[in-house]
Amino acid sequence: MSQVDERLMAAGSFTVDLDPGAPESVKALVDKAFSRVVVTAVRVDSDAMSSASLLSLALYAGVFRRWSQRRCRIEGAGLPVLLGDEDGKGNLNTQISKVSARPLYDGTNTSWIYNNVLRVPGGGANGVTVGTIASNASPTKKGAIDQGDTQRDVLEFVCDVFTTSASNPYEWRVNPDGTLDVAKRNTLFPKTVTPTVIASPEQGAATFDSAARWLPVDRFELEADWEDYTTSYTVSYDAEEYDYGVTYAVGDTVKTNLWTSDYYECATAHTSSAFNQPPNATYWTAVDPDATATVSTDFVGLDGSDLVMERVDSLRNPSSASNASAVAARRLGRVDDLHRSLSIASPASDIRSLVAPGDSVYVYDPESGLHDLTVEVDGGAVSHPKVSRVAGVRWSISEGMGVYVHWWDGGSFQVTDLSEFVVFGSGSAQLDVGEPRRSIVSRRPRFTWRPS
């Protein structure tokens, strides 16, 4: 069945089934690995428009990586796979490299996104280019890129270290036209603030009176667990060795073996010398080589004392104390509370036009604890729904949609319309609601981004 499985900040997967009677010219396209497969909400005349116009209409785009069933099934992953796949392959960094203090993005090639993630100029991102990216010349952050890091690894690192609020972190997406967007969550996904869709297992809730669109529900399954619950998150990091004649800026972190393996953060900008070396308190502040973020807990152990569930992780080296603190806070924010996993099956044929991964929806089921008295919407049977994040959407490529292959003929890109040969899918779409954060044990690996 032809379908798409989209994931938040992950590659997901797609399958397109073709009629066995499709002509050889169509089946021969299976040799064009890594071509872009494009899905539109309605079929269009691709011969009468440019590739850019077609991509601007796309609901979804992925890259083809596998065929089967006598060349009548093509499968692949979303465009994020071009920045680094499930096996850690990509345009890898072949050696450890230090990165001087630079902003997240300021429109130049001296920013993290432009120069280190997309590697512009240089074309090192398999065609992924700059999209809508939060632009600001400050703050700046130092860091390093490890040997073997993919661009997706670097992108995740950058989002971590520039995040200042765990509730509104930096996030990213790759659009069907191959552009990369990076911004704070509430900017990149505005529906996280004000959802436009509401779902509930309550039949009577269909009378709900609001500007939000009512989502018909076939199945509404909620799971909740504390399997990933964490009370403190420690991130260890390394720092550059202190040296003489170096210009240090406020926030730079060094380590020195002059007395012990102490770590120090620069408190006053200066050029280092024998007169201002650590532990000179005017210029340096001692810091811990481990940054720890903690959360208060209402849970106790067998002796009645506060429950302790700690995690320890590491940061790319060398780095700084402030970077490590930012990463610890962001990572703890993913695992410091009850983890709800909600699966909603809906017969809505236009599900993808209503909601996408990264959006939020209103959900309401008082019996499962899915309500929030601080959220009030207008009238009807549902008045206090809970806002929940969509981590994934699985939907059928259904009759009336358009399917196209955007492929390279050796000199230019061509577009082939597959729509009349597609075996379209049907049945319920599915929303996976809840943060995609499971990392220890997963009975249902619904949030993993490895295409199946």
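The values are calculated or read from the model by the stated rules, or taken from the named source; none is laboratory data. Remember, it's a predicted structure, so these values are computed and weren't measured experimentally. Backbone-built Cβ (ideal geometry, glycine too); neighbour counts: all protein chains shown.
Overview of values
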quantity	calculated
Selection within the stretch 75-108 - part of a loop (DSSP other than H, G, I, E, B), over 14 Å from VAL154 (Cβ atoms) and touching a residue at least 60 places away in the same chain (Cβ under 8 Å)	ASP85, GLU86, LYS89
Matching residues in the stretch 20-38 - criterion: being farther than 21 Å from ASP85 by Cβ and surrounded by 11 or more Cβ atoms within 10 Å (Cβ to Cβ)	PRO20, ALA22, VAL26, LYS27, ALA28, LEU29
Residue ID - farthest from VAL422 (Cα to Cα), chosen from residues in the stretch 43-98 that are β-branched (Val, Ile, Thr) and surrounded by fewer than 17 Cβ atoms within 10 Å (Cβ to Cβ)	ILE96
Conditions (1) of a type in the set (Gly, Ala, Ser); (2) buried (at least 17 other Cβ atoms within 10 Å of the Cβ); (3) closer than 20 Å to ALA10 by Cα; number of the one not met by SER111	(3)
Single residue of VAL44, VAL37 found to be farther than 26 Å from ASN126 by Cα, touching a residue at least 60 places away in the same chain (Cβ under 8 Å) and of a type in the set (Val, Ile, Thr)	VAL44
Residue match in the stretch 170-186 (condition: of a type outside the set (A, V, I, L, M, F, W, C), under 20 Å from SER319 (Cα atoms) and modelled with pLDDT of 85 or more)	yes
Test: ALA326 is assigned to a helix (DSSP H, G or I), at pLDDT below 90 and not charged (D, E, K, R)	yes
In the stretch 109-149, residue modelled with the highest pLDDT [restricted to those that are part of a loop (DSSP other than H, G, I, E, B) and closer than 17 Å to LYS184 by Cβ]	SER111
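For (1) under 14 Å from PRO279 (Cβ atoms); (2) buried (at least 18 other Cβ atoms within 10 Å of the Cβ); (3) touching a Lys or Arg at 6+ places or on another chain (Cβ under 7 Å), each residue gets a yes or a no:
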site: GLU223; (1), (2), (3): no, no, no
site: GLU227; (1), (2), (3): no, no, no
site: THR231; (1), (2), (3): no, yes, no
site: ASP238; (1), (2), (3): no, no, no
site: TYR244; (1), (2), (3): no, no, no
site: GLY251; (1), (2), (3): no, yes, no
site: TYR263; (1), (2), (3): yes, yes, yes
site: ALA267; (1), (2), (3): yes, no, no
